[in-house]
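Contents: one structure, followed by commentary.
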Amino acid sequence: MGTLTASLLLAWLASGPSAFAARPAPVQAEPPKILNVVRQKLKPGTSHSYESLETAIVAAYEQAHVPVFWIMLQSRTDATDIVYLNVADSLDQWEEIGARYRKAAAAHPELEKMSARLATFIDRSTSTLTTRRDEVPFSRKGVDFQTMRALRLTVFEVNAGHEGRFVNAARAAAGRLAPWLLYEANETPTFMLVAPLRTASRAKKMPAIPRRLLELKNTLSATADGVYTVRPHMSHPPKGWKLR
């Protein structure tokens, strides 16, 4: 995730022929344990106004040094279809993020006013707090949340009582390694397949939604699938993330 400084690079070059051995692969960041997924649909004709205001909000947060972070993504085919990601290592840390926002809003009331204006462009919104399911191992191929440029998000609404059956099917569909991560909603029978991508075009090379999941009779009530591109200028990523 980090890069060599100039001094370290010079020392490496001066260390002799052995320095030219193959460099180790970059260490990838551990996927977040807690992922808050906010799906929004903007009102028709408001995407440009939304973009301008959200860009201004990012600048305001940076200027005020507020440690509240988000990743904003936009559908490749519909500018009014957007997704926000908020990450945390634990539920306790997630609660801390909420406390930080409340503290920032009290100290910088203009931030809350800007957010209220942003909300006027939104037609509908759903926020889902999820936890990563480790039963399905993730195949890391040089991209993670901190370096992705796009994301494929597949949402499954599962009939209550069939959660275990869905997880078993997901594990079987994945085999030894899956090209996606499995997250489960904390409060509803909802599951999400989340696949970080180097570019949005990479989604074309990804496998289709596993047939084992789609064929679960009397288990799924609805599904949604989309590819979203990271919008760095409308994101406020945590320190160390390389989305820009």
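The values are calculated or read from the model by the stated rules, or taken from the named source; none is laboratory data. Every value quoted in this text rests on a predicted model; they were computed, and no experiment measured them. With ideal geometry, Cβ positions are generated from the backbone for all residues, glycine too; neighbour counts draw on all protein chains shown. Remember, those area values only see protein heavy atoms, side chains included, never the ligands or the DNA or RNA. Shrake-Rupley method; radii C 1.70, N 1.55, O 1.52, S 1.80 Å.
Per q in 0.17 1/Å, what log10 I(q)/I(0) does a Debye calculation on the alpha-carbon atoms of the stretch 79-204 return?
With one equal scatterer per Cα and no solvent, log10 I(q)/I(0) is -1.09.
What does the charge count near Gly226 come to, summing +1 for each Lys or Arg and -1 for each Asp or Glu among other residues with Cβ under 14 Å from its Cβ? Please report the intermediate quantities before stating the final value.
On the way: positive: Arg39, Lys41, Arg76, Arg152, Lys204; negative: Asp78, Asp81, Asp225.
Overall, the nearby charge balance is +2.
Contact order normalised by length for the chain, with contacts defined as Cα pairs under 8 Å and 6 or more residues apart; what percent is it? List each step's numbers first, then the result.
Numbers: 407 pairs, mean separation 66.2, N = 244.
Computed over the chain, the figure is 27 percent.
Starting from the coordinates of the alpha-carbon atoms of the stretch 123-168, obtain the Kirkwood hydrodynamic radius over all distinct pairs and give the value in Å to one decimal.
Over the stretch 123-168, the inverse of the mean reciprocal pair distance is 13.9 Å.
Evaluate the Kirkwood expression for the hydrodynamic radius of the stretch 88-145, namely the inverse of the mean inverse distance over all pairs of different C-alpha atoms, and round to one decimal in Å.
Details: mean 1/r = 0.0671 Å⁻¹.
Radius from the Kirkwood sum: 14.9 Å.
Enumerate the calculated ³J(HN,Hα) couplings along the stretch 147-163 in order (Karplus 6.51 cos²θ - 1.76 cosθ + 1.60, θ = phi - 60°), each rounded to whole Hz, writing x wherever the residue is Gly or Pro.
Listing the rounded values in order: 10, 5, 10, 7, 8, 9, 10, 10, 10, 10, 8, 9, 5, 3, x, 10, 4 Hz.
For a test of understanding, tell me how many lysine pairs in the chain have Cα atoms under 22 Å apart, given they are 8 or more places apart or on different chains.
10
Length gain on complete extension for the stretch Ser52 to Arg117, per 0.36 nm per residue less the alpha carbon to alpha carbon distance? Let's see the in-between values first.
Values: separation 65, 0.36 × 65 = 23.40 nm, distance 1.17 nm.
That works out to 22.2 nm of additional length.
Cα-based Rg of the stretch 45-142 per 2.2 N^0.38 Å, rounded to two decimals? Show your work: numbers first, answer last.
Working: Rg = 15.7 Å, N = 98, 2.2 N^0.38 = 12.6 Å.
Dividing the Cα Rg of the stretch 45-142 by 2.2 N^0.38 Å gives 1.25.
Taking the Cα centre of the chain as origin, work out the dipole magnitude from +1 charges on Lys and Arg Cβ and -1 charges on Asp and Glu Cβ, in debye rounded to 20. Present the calculation step by step, with values, prior to reporting the outcome.
Working: 32 positive and 22 negative charges, 180 e Å.
That gives the chain a dipole magnitude of about 860 debye.
Taking just the alpha carbons, could you work out the radius of gyration and Dmax for the chain, both in angstroms?
Rg then Dmax for the chain, in Å: 20.0, 65.
Starting at the first residue of the stretch 84-96, write each ³J(HN,Hα) from the Karplus equation 6.51 cos²θ - 1.76 cosθ + 1.60 with θ = phi - 60°, in whole Hz, x for Gly and Pro.
10, 10, 10, 10, 7, 8, 7, 5, 4, 5, 4, 5, 5
Please list Glu187, Glu157 in order of solvent-accessible area, largest first, computed with a 1.4 Å probe with all protein chains present. Display every interim value, and only then the final one.
Values: Glu187 175, Glu157 60 Å².
Ranking Glu187, Glu157 by accessible area, largest first, yields Glu187, Glu157.
Any idea of the accessible area per residue across the chain, 1.4 Å probe, to the nearest Å²? Walk me through the numbers on the way to the answer.
Numbers: 13460 Å² over 244 residues.
With all protein chains present, the chain gives 55 Å² per residue.
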